[in-house]
1. So how do 57, 170, 26 line up by other beta-carbon neighbours within 10 Å, fewest first?
2. Taking a ≥ b ≥ c as the square roots of the Cα gyration tensor eigenvalues, with a/c under 1.5 meaning rounded and otherwise prolate when a/b beats b/c, else oblate, which class fits segment 1-80?
3. With n ≥ 4 as the cut-off for DSSP H runs, can you work out [θ] at 222 nm for the chain, using -39500 (n - 2.57) per run divided by the number of residues, rounded to the nearest 500?
4. Quick one: 47, 118, fewest Cβ neighbours within 10 Å first, how do they rank?
5. Please state the shape class of segment 112-177: rounded when a/c is under 1.5, otherwise prolate if a/b exceeds b/c and oblate if not, all from the C-alpha gyration tensor.
6. If you take the square roots of the eigenvalues of the alpha-carbon gyration tensor of the chain and sort them as a ≥ b ≥ c, do you get rounded (a/c under 1.5), prolate (a/b over b/c) or oblate?
7. Order these by the 10 Å Cβ neighbour count, fewest first: 76, 44, 146, 138.
8. If I build a Gaussian network model for the chain, linking alpha-carbon pairs within less than 10 angstrom, which residue out of 111, 16, 136 has the largest mean-square fluctuation?
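Each reported figure results from applying straightforward, stated rules to the coordinates on display, with no laboratory input. Here the structure is a predicted model, which is why all the values come from computation and not from measurement. Neighbour counts are summed over all protein chains in view; Cβ atoms, including those assigned to glycine, are modelled from backbone coordinates with ideal geometry.
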């Protein structure tokens, strides 16, 4: 099967856009909002979507916050850089992904790079500033505070998984008949 690496590079415009929007929004927050919630902007005036400035030295849900800094550096910088590097390599060396899946992977890579930039250049931790009410689901009143990079990773992972499941269903439907 022929493929065009130049066409496959187009989704990386999303990678660049995610990194740009993520870093610009974080720079704005750092420059204009005091750390840890003394500035709170309730977007809808009903506590559903709230913006405030916090930092996270760990990963999602503050997992690994108590680890020594050397271990955090390996787990939260070195390992993710390696995984993202492998993902980029695999992206360009496989025919397994369709075009939508390539866009999703590009969004995941952009989000990953956005947070790695923070881990390297912001010793206080990754800048998070979006807080969403979660109405007690899973015992949480609010979802853990996040940023644009986190959003990109979650949304694009969801798109990738749904796309892969639907493609698998489509491919196996023809096989079982």
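1. So the ranking, lowest neighbour count to highest, is 170, 57, 26.
2. Taking the square roots of the gyration eigenvalues as a ≥ b ≥ c, segment 1-80 is oblate.
3. Working: 6 runs with 97 residues, N = 177.
Computed mean residue ellipticity for the chain: -18000 deg cm²/dmol.
4. The order, fewest Cβ neighbours first, is 47, 118.
5. oblate
6. prolate
7. Placing the least packed residue first, the sequence is 138, 44, 146, 76.
8. Maximum fluctuation in the GNM of the chain, among the listed residues, is at 136.
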